[in-house]
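The values are calculated or read from the model by the stated rules, or taken from the named source; none is laboratory data. The structure displayed is predicted, hence computed values, not measured ones. Backbone-built Cβ (ideal geometry, glycine too); neighbour counts: all protein chains shown. SASA here: full protein model, heavy atoms, side chains in, ligands and nucleic acids out. Shrake-Rupley method; radii C 1.70, N 1.55, O 1.52, S 1.80 Å.
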Amino acid sequence: MLPSCLRHVGHDTILGVEKLPESCSETSSSTVTLGRLSRMSELDDRVSAWSSNRVAQWLQEEGFGQYVGLLCTQHRIDGLSLLALTEADLRGPPLSLTVLGDIKRLTVALRRLQMENKPELEELGLWPLDSLSAGLELGAPRAEWSCDGAERRGCNGADHLCNGPVLRLRNSSSLGCVPRAVLCQTHSNGRFQQPMAGRLDPEVWKTVISSIYVFLVCGLTSFVMVVVHERVPDMRTYPPLPDIFLDSVPRIPWAFVMAEACGLILCYMFLLILLLHKHRSILLRRLCSLMGTVFLLRCCTMFVTSLSVPGQHLKCASLSYGDTWAKIQRAMAIWSGFGMTLTGVQTCGDYMFSGHTVVITLLNFFVTEYTPRNWNLIHTISWVLNLFGIFFILAAHEHYSIDVFIAFYITTRLFLYYHTLANTRAYQHSRRARIWFPMFSFFECNVNGPVPNQYHWPFDKPAFMKTLIG
């Protein structure tokens, strides 16, 4: 209740600098103080002004006391950062929460807090980002997306929804465009999904399918090698074809063993990377799918065309295995020995194209792709092993030059095309990709862009490895 001398004075005047009558100076001074305290109290009640201790109190009230140490102590989450927190932040590093129920309940609590403080978010410029990162606003109509300005069908049945670096939400003009790293809508097996940015689902069941795929292709390749052995051209009728490299470079007897040794070293390097890589399931799935596809193509080329033996030193002649069971037994011997001379396997007729070149090249590309760019020593060793392995294959006169060249070209092109599509997602969900690259669309439909090269020790012991690698 204002004194009589102030009843006709406006509130703005009281808080301003206008001089009051002397008879009211004492009363006005106390009134100004109360007004300032009221405004400070209102500012303190704003969520954006909360301290880490106040956020810890809110977490306790909401039933998330177990995360106070992680959020408030370790990562110093205050009120402002709490308003900007999203489900993607909870799932991804450095928080990396793993309990799905807690993630969802905490997301709902955050969403409720954000909705209650929408004016504050708008004032801070966080509301558009909040709407996109936490999902579409509750009760909002189903949105349609336009990628790089080109219209696409809505979320219920779109062919592809992430074609380029920018996404535009058409039904909410105030949200404008956001980077595709913030939000990317994808389809999985015909169902609409919204994977979180920076989070890659290992999808182990798909990796198992790709492993079965390459397992079956290797078995088929072994059987085709047995069939083509029966059709090896007679060296007396079909002598070795002219070849510039083979005719110019003398044969080195031990070269093919050295080529396989290069392949083994590359294999051990990749297995070590696979063990330590955080996204090992995706790496193994890609290796199996690419390896299986290239060797399936090799089955076709071997079966269709039988080249003459490339050198007189090879004791190759047409060999009949009799019944089907004998062929299967021989194929099992080839498959169990991985088709390597180091394991005692000797084959004839499988010239178009070189399987050893495929394996060595593919391992080299996986080693260099899934290690940091500044690991120059590892990359140099990998490329040296790849190139020397190819040289040793030719120096052993086990393959024509065209066999090695085609194997290298097909393997590198397929690797680059696959990873370009997987990283840019240009045609990943289009109808054309599902028709021409069905296996690619199936394996990569839920992989959000490039796979980061992150490493961690997968075991609990020894502890120093966990500390060293992460």
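For this structure, a couple of remarks:
- Failed criterion for residue 214 (all others in (1) modelled with pLDDT under 95; (2) among the hydrophobic types (A, V, I, L, M, F, W, C); (3) touching a Cys at 6+ places or on another chain (Cβ under 7 Å) hold): (1)
- Which listed residue is without any contact (Cβ under 8 Å) to a residue 60 or more places away in the chain, surrounded by fewer than 20 Cβ atoms within 10 Å (Cβ to Cβ) and either in contact with a helix residue (DSSP H, G or I) (Cβ under 8 Å, 6 or more places away or on another chain) or assigned to a helix (DSSP H, G or I) (or both), from 85, 80, 71: 80
- Residue pairs whose Cβ atoms lie under 9 Å apart, sitting 6 or more positions apart in sequence or on different chains, and linking a residue in the range 255-273 that is closer than 30 Å to residue 454 by Cβ to a partner that is outside any helix (DSSP H, G or I) and open to solvent by less than 20 Å² (accessible area, probe 1.4 Å), are 270/370; 273/370; 273/371.
- Residue check for residue 322: open to solvent by 20 Å² or more (accessible area, probe 1.4 Å) and assigned to a loop (DSSP other than H, G, I, E, B): yes
- Cβ-Cβ contacts under 9 Å between residues 6 or more apart (or on different chains), taken from a first residue in the range 91-116 that is farther than 20 Å from residue 61 by Cβ to a second residue that is at pLDDT below 85, are listed as 91/196; 91/198; 91/199; 92/196; 92/197; 92/198; 92/199; 93/198.
- Residue within the range 368-385 that is in contact with a Phe, Trp or Tyr (Cβ under 6 Å, 6 or more places away or on another chain) and either part of a helix (DSSP H, G or I) or free of Cβ contacts under 8 Å to residues at least 24 places away in the same chain (or both) present: no
- Filter result (assigned to a helix (DSSP H, G or I), among the hydrophobic types (A, V, I, L, M, F, W, C) and either closer than 11 Å to residue 318 by Cβ or in contact with a His (Cβ under 8 Å, 6 or more places away or on another chain) (or both)) within the range 220-237: 228
- Contact map, the range 442-460: residues that are within 24 Å of residue 272 (Cβ to Cβ) and touching a residue at least 12 places away in the same chain (Cβ under 8 Å) paired with residues that are of a type in the set (Val, Ile, Thr) and open to solvent by less than 30 Å² (accessible area, probe 1.4 Å), Cβ distance under 8 Å, separation 6+ or inter-chain. Pairs shown: 447/282; 451/282; 453/371.
- Of all residues in the range 238-254 being touching a residue at least 24 places away in the same chain (Cβ under 8 Å) and assigned to a helix (DSSP H, G or I), the one that is least open to solvent (accessible area, probe 1.4 Å): 246
- Within the range 265-315, the set of residues being in a helix (DSSP H, G or I), open to solvent by 30 Å² or more (accessible area, probe 1.4 Å) and more than 30 Å from residue 372 (Cα to Cα) comprises 296, 297, 300, 301, 303, 304.
- Some residue of the range 347-354 being in contact (Cβ under 8 Å) with a residue 40 or more places away in the chain, among the small types (Gly, Ala, Ser) and buried (at least 21 other Cβ atoms within 10 Å of the Cβ): yes
- Checked across the range 112-128, the condition of being modelled with pLDDT under 70, surrounded by 13 or more Cβ atoms within 10 Å (Cβ to Cβ) and not β-branched (Val, Ile, Thr) holds for at least one residue.
- The residues in the range 325-343 that are open to solvent by less than 20 Å² (accessible area, probe 1.4 Å) and free of Cβ contacts under 8 Å to residues at least 40 places away in the same chain can be counted, and the count is 1.
- Condition met for residue 389 (open to solvent by less than 50 Å² (accessible area, probe 1.4 Å), of a type outside the set (Phe, Trp, Tyr) and not in a helix (DSSP H, G or I)): no
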